[in-house]
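Since every read-out is calculated from the coordinates, none of them should be taken as a lab result. Here the structure is a predicted model, which means the values were calculated and not measured. No Cβ is skipped: glycine too gets one built from the backbone with ideal geometry, and neighbour counts run over all protein chains shown.
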Amino acid sequence: SEMKRWLNKKDYRLDRPIAKLSDNEQDLFMMGRSFFAIPWVFAPSATTARDGLGPLFNANTCTSCHSGNGLGETYTKSGNISRALITKLSRPNGEPVPHYGGQIAVNGMQDVPFEATPTRTITDIPISYPDGKKVILHKPTYGLKNLNYGELADDVVIVQRRAPALVGLGLLTKVSDKEILKNADTDDKNKDGISGKPNWLDKNKTVLGRFTVKAGSSSVLEQTAIAAANDMGLTNPLFPNELCTDEQTACQKAPKGRPSVVDGQTLDLPANRLAAITFYLNNAKIPVKKLNAIGQQGKKMFTDIGCVDCHLSQMTTIDGMTFAPYTDLLLHDMGEGLADGRVEGSANEREFRTAPLWGLSTYAKTLKSKIPYYLHDSRATSIEEAILWHGGESEKSKQLFMKLPEKDRQVVLAFLNQL
C-alpha cells in the first residue's frame with residue numbers, strides 16, 4: 001500500500017505529487033515546483049525572491065533543461081546544440097581548469113561575456129548484425145568555439161552531458177548504501193565478467209555516489225545545488241560564492257541580487273528554498289503501466305541475455321518497498337567506445353553508473369520536439385543504438401542481443417519502450 005502512493009497510473013507526467021502528503025507537505029511540494037519551474041531574473045529586480053540569475057549561466061529555469069521533469073532536448077529547432085546538453089571541463093590530474101572552471105556557461109548577463117559556444121561533430125560508424133542487418137552508430141566529437149576568456153590548456157578534457165529525466169529520485173534516495181553495496185563486486189570475485197563498483201566520493205569511503213552519469217553526487221539536494229550554481233549561477237548553501245574565475249572580472253563585478261538571509265547566509269537560493277525544490281523532486285510520482293504480452297516476452301529475453309545483471313529488475317528501500325528502476329547504482333566499465341577521458345571520484349574514464357531505465361516510455365512525450373536521444377551525451381538516436389554502444393562488462397550481453405533473430409530483438413525493444 002505504501003508503494004501505491006508513488007505510482008502514477010493516470011498518464012506519463014513526472015511532476016505529480018505522491019499520494020497522502022499532509023497539507024504542509026503539499027505546500028512544500030508546490031513551493032518547490034514553483035521555484036523549479038518559474039524563471040529567475042537578473043539583479044537588480046523588483047522580483048527579489050527570484051533575482052540573482054547569473055552572472056554566467058546556461059538557463060533561467062530548471063524546466064529549460066527538464067521540461068515537466070523529463071529528458072533534456074539535444075538540439076534546438078535550428079539544429080544547434082540545446083542548452084540542456086551541457087559541456088563539462090576537467091583535467092586528468094584533478095586540478096582546476098584555468099579561465100573557465102568546471103562547466104561552460106553559454107550565456108552571460110549584460111556586460112558579462114559568455115564563456116564559449118559548444119560544438120559537436122558526428123562520425124557515422126556502420127555495423128552489421130550477424131543476420132546481415134546494417135545499423136549506423138553516431139560517434140560525437142566535442143569541442144568549443146568563441147572562447148571569450150582565453151585558450152584552453154592542452155590537457156583539458158571536454159565532455160557533453162544531456163540533462164536526464166528526473167524519474168523516481170525519492171525512491172532511489174530511500175535505497176540504503178548496504179542495499180547498493182550488496183551487488184558490488186569490484187574485483188569480479190564470482191568471475192561472471194560483471195564487477196559493479198561503488199563510487200566513493202571521499203577518502204574514508206563514507207559518502208557513496210548514486211546520482212549523475214558517473215555517480216558523482218550522493219544526494220538529490222547536493223545535485224540540485226550543483227545544478228543551481230553551475231547551470232543558473234545561483235549561490236546556495238553548498239556554493240555560497242559566484243563561480244567566477246580570476247580572469248572573469250566582469251563576472252566578479254556584476255550586480256548582485258537582494259538575496260534572502262537564512263541561517264546567517266546571504267544567498268540567491270537559500271536553504272529553505274533549496275530544501276523545497278529537493279522535496280518536490282523527491283516526492284514526485286513515477287509513471288507506470290502494465291506490460292502487455294509482448295512486453296512480458298521482452299522482459300524475459302532481457303533477463304535471459306544478462307541485461308539485468310546491471311539493470312536490476314528489483315531494489316528495496318530502507319522501509320521495505322520494492323520497485324524496479326532497472327539500475328544497480330554502481331559503476332561499470334562500458335568499454336573504449338563510450339570512454340570520454342573524464343574521471344569523477346573513483347570512476348575512471350571508462351566507468352559509468354548503470355542508467356535507470358524506468359521512464360523510457362516518457363522520453364518522447366515530455367519533449368517538445370518529441371525526438372528523444374539516448375545515452376549520457378545524446379549520441380544514440382534510438383534505444384537500439386544505445387544497446388549497440390555497450391561494451392566492456394556489457395559486451396557479452398550486447399553480443400547475445402545481436403545474435404537474437406530480428407523478431408526477438410524487436411520484442412526486447414518493445415519491452416524497453418513500455419518502461
- Phi-derived 3J(HN,Hα) across region 67-81 with the Karplus relation (6.51, -1.76, 1.60, θ = phi - 60°), rounded Hz, x for Gly and Pro, is 4, x, 6, x, 5, x, 5, 9, 10, 7, 4, 7, x, 7, 5
- Which of the residue pairs Lys174/Lys203; Lys139/Lys203; Lys134/Lys189 have a Cα-Cα distance greater than 31 Å in the structure shown? Lys139/Lys203; Lys134/Lys189
- Which GluC sites (Glu not before Pro) in region 318-419 pass both tests, a DSSP loop state and at most 15 other beta-carbon atoms within 10 Å? Glu336
- Query: What ranking do Cys310, Cys244, Cys62 get, fewest neighbouring Cβ atoms within 10 angstrom at the top?
  - Reply: Cys244, Cys310, Cys62
- Note on the structure: Pseudo-spin-label distance Ser34 to Lys365, built 7 Å along Cα→Cβ, given in nm, is 2.8 nm
- Query: With θ set to phi - 60° and the Karplus curve 6.51 cos²θ - 1.76 cosθ + 1.60, what are the ³J(HN,Hα) couplings of region 291-307 in order, to the nearest whole Hz, using x for Gly and Pro?
  - Reply: 5, 7, 4, 5, x, 5, 4, x, 4, 5, 5, 4, 6, 4, 8, x, 5
- Task: Let me know the charge dipole size of the chain about its Cα centre in debye, to the nearest 20, where only the beta-carbon of Lys, Arg (+1) and Asp, Glu (-1) is charged.
- Result: 1600 debye
- Contact order relative to length of region 173-236, as percent, for alpha carbon pairs under 8 angstrom and 6 or more apart: 18 percent
